[in-house]
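The numbers here are math on the coordinates, done by the rules we state, and not lab data. Source: prediction; values computed, not measured. A quick note on method: Cβ atoms are made from the backbone with ideal geometry, for glycine too, and the neighbour counts reach across all protein chains shown.
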Amino acid sequence: KPVSIPVLILPDVALAAQYASHLPVYSLAAAAGGFSDEQEVRPLGWMAVSLGRSLSKGMFIAKVKGRSMEPLIQDGSWCVFRYDQGGSRNGKVVLVESRHISDPEGGARYTVKTYYSEIEHFDDGTWRHKKIVLSPRNPEFREIVLEDVEASAIRVAAEFVACLP
């Protein structure tokens, strides 16, 4: 298990540092297991980040709890995410929000998993998710399989970028 390093969250930083050297930290604790319990997500402050690449306004930091994404994401890791840009998400590690789906392991709100979906297209140009599979990296955990999913039932909120050291 990695050594826990104290995290410094600043209440505020200079405007020039925002999204240049610091990213916002949110109270969101995403589950790497099932969906996390219902929670109010609020800003906690700013954290200095060095990813070896440019930061952007669509990025933020949240904590991931649970072991289902190990070894990629360790339990308790602070991770950088980028708000969802749309397009294909197949094979990407994403932060998923669900307001209507419960999971046997937990409550129903946020989870981090590798995303796969099957889409069904209709003659009128519309489509729906026929099946969504949220896959863990850790073989000790099961996939979350959602079939005939309503668009409002699940939302890819963000894409995983990196774990902070």
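If the condition is being more than 15 Å from GLU97 (Cα to Cα) and aliphatic (A, V, I, L, M), then region 117-165 contributes ILE119, VAL161, ALA162, LEU164. Which members of region 72-86 meet the condition of being under 15 Å from VAL96 (Cβ atoms) and among the aromatic types (Phe, Trp, Tyr)? Correct list: PHE81, TYR83.
Of all residues in region 117-165, those that are in a loop (DSSP other than H, G, I, E, B), of a type in the set (A, V, I, L, M, F, W, C) and without any contact (Cβ under 8 Å) to a residue 40 or more places away in the chain total 1.
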